[in-house]
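Let me begin by presenting the structure, written as structure tokens, before commenting on it.
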Amino acid sequence: MSDRKYSLAILLSLSCATGALAQAEPLKIGVPTSQTGPYAALGEQVIRAIEFAAAEANAAGGVDGRKVEVKIGNDEGNPEAGRRAAEKLATDGHKILIGSISSAVGLALSTQLNRWDAIYVSVVNKTPKLTGDSCTPRTFRANHSDDMDIAIVEPWLAESQTKNWAIIGADYVWGRGSGAAFKAAATKTGKSIKTELYAPLGTADFAPYITQLRDSGAEGLWVALAGSEAVNFAKQAKQFGLIDKMTVFGHNFVASSIIKAVGTDAIGFWGNVNYSASIETSNNQKFVAAWRAKFNTDPTEYEGEAYSGMQVIFEAAKKAKSAKASDIAKSLNDMTAETVYGQVTMRAADHQLEMPNYLGRVADKDGKPVIQVVRGFDSKAATPPPSGECKL
């Protein structure tokens, strides 16, 4: 073969390969999350991380040669609005759903997945029901559940000198589930619960609740509020002097976005830290460096969790060699992947990702509040066994 013919053959071969790659079915991801409502700030973080992961994958040639396409929908933090947004995304072909903030929205989506021929990968929802009695073959959780957070809180609670506790939570499935789980752990470790209060979503004035908490005689306070409600409560509790008198443990409260809004009023708060830029894995170090280069700041907890969830989806798509939701669902079962947390496994029994977890507090560093990770727990210690309520 002449050099000219050989070169032409190579060019034709490359052209065919490029054409095949261009025609590969894209990986279409739908993001029904909060763009308005009490969790809008959290939804913004989730969107940023998902879009970052997609852009990063596309810059590297796609996921197994497939372009990642992301489309956003607004769930408004409301189950019915979330169902409508997710259905529109799935109907438009974005059948790999991820990113809702509210556990109630996540549960609403999970009941419709077969009808939509879609899958849902949670990266925020914490209710145990999602991987418990409400589990489905097309629902997966790539973040920590309430049970996982309580598993690391219980040893801390057992060592705490604070005997009498109160609970303030959001009056919906996650807040009440968190409060119930903490109450069980407190009882198990010999503590007592003086009062339990649950505020409706959208509560701005917490003064009546703070008065009841102050008068309860409790020495410690479990806070299960998120988004703007967590910020409003913390600021008002500080103004009323409540925080200075109590040991405060915030469920999902020790998060950089909330600390930024609350400022030094958060110093001394304890809490679970589900993700930290300081996690010492090579995968996380690479992610944090790329994130800092683009945004000039560290990723937040929600951004780290959402990015990790995208890593899990990408690995499942590679394993399935497909962009179809049903194929990806099959490959997710009992799949091991490398994420910012290190090596993690999607448990086949209930579709819960087995992953490490962390405990921390807000400390004062040169007059500024910073999150300190006090203790880490490996996947085995941080992930309780399946409840047995999930029947897949």
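The values are calculated or read from the model by the stated rules, or taken from the named source; none is laboratory data. Only a predicted model underlies this, so the values are computations on that prediction, with no experimental measurement involved. A quick note on method: Cβ atoms are made from the backbone with ideal geometry, for glycine too, and the neighbour counts reach across all protein chains shown. When the accessible area is computed, the model is the full protein with side chains, heavy atoms only, and any ligands, DNA or RNA have been set aside. Shrake-Rupley method; radii C 1.70, N 1.55, O 1.52, S 1.80 Å.
Please report the antiparallel percentage of the DSSP beta bridges confined to the chain, to the nearest 5. Provide the component values of the computation, followed by the final result.
Values: 19 of 53 bridges.
Roughly 35 percent of the DSSP beta bridges within the chain come out antiparallel.
If amide hydrogens are placed 1.01 Å from N in the peptide plane, which non-local residues have theirs closer than 5 Å to the one on residue 66?
Those qualifying (amide H under 5 Å, at least 5 residues apart or on another chain) number zero.
For the range 17-104, what class follows from the C-alpha gyration tensor (a ≥ b ≥ c being the square roots of its eigenvalues): rounded when a/c is under 1.5, otherwise prolate if a/b is larger than b/c, else oblate?
Judged from the Cα gyration tensor, the range 17-104 comes out oblate (a/c at least 1.5, b/c at or above a/b).
For residue 392, put the label point 7 Å out on the Cα→Cβ axis and report which residues of the range 138-166 keep their amide N under 18 Å from it.
138-148
Quick check: residue separation of residue 370 and residue 55 times 0.36 nm, minus the Cα distance between them. What number comes out in nm?
Full extension of this stretch gives 110.4 nm more.
May I ask you to derive the FRET efficiency for residue 111 and residue 336 from their Cβ-Cβ distance with R0 = 41 Å, giving the value to the nearest 0.05?
0.90
Express in nm, to one decimal, how much length is gained between residue 88 and residue 278 on full extension, taking 0.36 nm for each residue of separation and deducting their alpha carbon distance.
Working it through step by step, the gained length comes to 64.6 nm.
Enumerate the calculated ³J(HN,Hα) couplings along the range 299-304 in order (Karplus 6.51 cos²θ - 1.76 cosθ + 1.60, θ = phi - 60°), each rounded to whole Hz, writing x wherever the residue is Gly or Pro.
x, 7, 4, 5, 5, x
In the full protein assembly as shown, how much of residue 80 is accessible to a 1.4 Å probe, in Å² to the nearest 10?
Near enough 90 Å² of accessible area.
Express in nm, to one decimal, how much length is gained between residue 207 and residue 238 on full extension, taking 0.36 nm for each residue of separation and deducting their alpha carbon distance.
Gain on extension, residue 207 to residue 238, equals 10.0 nm.
For each pair in 71/324; 71/95; 71/321, compute the distance between the two Cα atoms and list the pairs where it is over 19 Å. Can you show the working numbers first?
On the way: 71/324 16 Å; 71/95 10 Å; 71/321 22 Å.
Violating the 19 Å Cα-Cα cut-off are 71/321.
Out of the total accessible area of the chain (probe 1.4 Å, heavy atoms of protein only), what percent is carbon and sulfur?
50
Is the C-alpha gyration tensor of the range 160-315 telling us rounded, prolate or oblate? Criteria: a/c under 1.5 is rounded; beyond that, a/b larger than b/c is prolate, otherwise oblate.
Prolate.
If I take R0 = 22 Å and measure r between the Cβ atoms of residue 378 and residue 348 in this structure, what FRET efficiency does the formula 1/(1 + (r/R0)^6) give, to the nearest 0.05?
The value I calculate is 0.65.
State in Å² the accessible area per residue of the chain; use a 1.4 Å probe, count heavy atoms of protein chains only, and round to the nearest integer.
It amounts to 42 Å² per residue over the chain.
Express in whole angstrom the spacing between the alpha-carbon centres of the range 132-183 and the range 260-326.
The distance from the Cα centre of the range 132-183 to that of the range 260-326 comes to 21 Å.
With each run of n ≥ 4 DSSP H residues scored as -39500 (n - 2.57), what mean residue ellipticity at 222 nm is computed for the chain after dividing by its residue count and rounding to the nearest 500 deg cm²/dmol?
Value at 222 nm, helices only, nearest 500: -13500 deg cm²/dmol.
Need one word for the range 128-250: rounded, prolate or oblate. Basis is the Cα gyration tensor (sqrt eigenvalues a ≥ b ≥ c); a/c below 1.5 gives rounded, then a/b vs b/c decides. Mind showing how you got there, number by number?
Values: a/c = 2.27, a/b = 1.34, b/c = 1.69.
Oblate, since a/c reaches 1.5 and b/c is not below a/b.
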